[in-house]
Amino acid sequence: MVKKIDHIGIAVRSLAQSLPFYTETLQLPLLGIEEVKSEGIKVAFIQIGESKLELLEPQTDESAVAKFIAKRGEGLHHVALGVHSIQERIEEMKAKGIQMIQDKPKMGAGGASVAFMHPKSTGSVLYELCEKKGMTS
């Protein structure tokens, strides 16, 4: 079912302030930055081995990431699991008693189809199911 850890989402107040740690100190390549207007965030993708780090900067105070930072501070936000056939995985999770935040996939950063599992069902960890076109592993 799960093919790999696609990325780890990290909530940050500012990409400009956070990126130098990853790109200069750790010397990891920045793959790109994009806005996800529907979520009120800007994201930066950083390559780390076969996975990525996804830095999440809120663009509005109403975004889920802004609320996360206000409640918990900056830090680990979610773990994204790379899957095939995301709608089937959503139905499988629901059949196994996992509460989903989305019952249908939505468009996420990088052109991925995504759906989140509610942390109340996953030991307090926010997991994202993530399907990308052309994903082979």
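Quick note: the coordinates plus some simple rules give every number you see, no bench work behind them. Just so we're clear, the structure is a prediction, and the values are computed from it rather than from any experiment. Please note: Cβ atoms are built from the backbone with ideal geometry, for glycine as well, and neighbour counts cover all protein chains shown.
Charge tally for residue 59 (other residues, Cβ to Cβ under 14 Å; Lys, Arg +1; Asp, Glu -1): -2. On full extension, the segment bounded by residue 88 and residue 34 gains 16.6 nm, given 0.36 nm per residue less the C-alpha separation.
In the chain, what % of DSSP beta bridges are antiparallel (nearest 5)? Looking only at bridges with both residues in the chain, the antiparallel portion is about 75 percent. Kirkwood analysis of the Cα pair distances in the range 43-121 returns a hydrodynamic radius of 14.1 Å.
Could you tell me which of 81, 46, 59 has its Cα farthest along the dipole of the range 1-122 towards the positive end, charges placed at Cβ (Lys, Arg +1; Asp, Glu -1), taken about the Cα centre? The residue sitting most towards the positive pole is 81. Helices in the chain, meaning DSSP H runs of at least 4 residues, each add -39500 (n - 2.57). Divided by all residues, the mean residue ellipticity at 222 nm is -5000 deg cm²/dmol. Separation of the range 99-127 from the range 4-44 is 19 Å, based on Cα centroids. Computed from the alpha carbon positions, the gyration tensor of the range 1-70 leads to an equivalent ellipsoid with semi-axes of 21, 16, 10 Å, biggest first.
Placing a pseudo-label 7 Å from each Cα along the Cα-to-Cβ vector at residue 101 and residue 14 gives an inter-label distance of 2.6 nm.
If you place +1 on the Cβ of every Lys and Arg, -1 on the Cβ of every Asp and Glu, and leave all else neutral, what size is the dipole of the chain about its Cα centre, to the nearest 20 Debye? List each step's numbers first, then the result.
Values: 17 positive and 17 negative charges, 62 e Å.
That gives a dipole near 300 debye.
What number do you get for the range 65-111 when its Cα radius of gyration is normalised by 2.2 N^0.38 Å, N = residues?
Dividing the Cα radius of gyration by 2.2 N^0.38 Å gives 1.40.
Put a dot 7 Å past the Cα of residue 62, heading toward its Cβ, do the same for residue 50, and the two dots end up 4.1 nm apart.
With the simple spin-label model, which puts each label point 7 Å out from Cα in the Cβ direction, the residue 24 to residue 125 separation comes to 3.3 nm.
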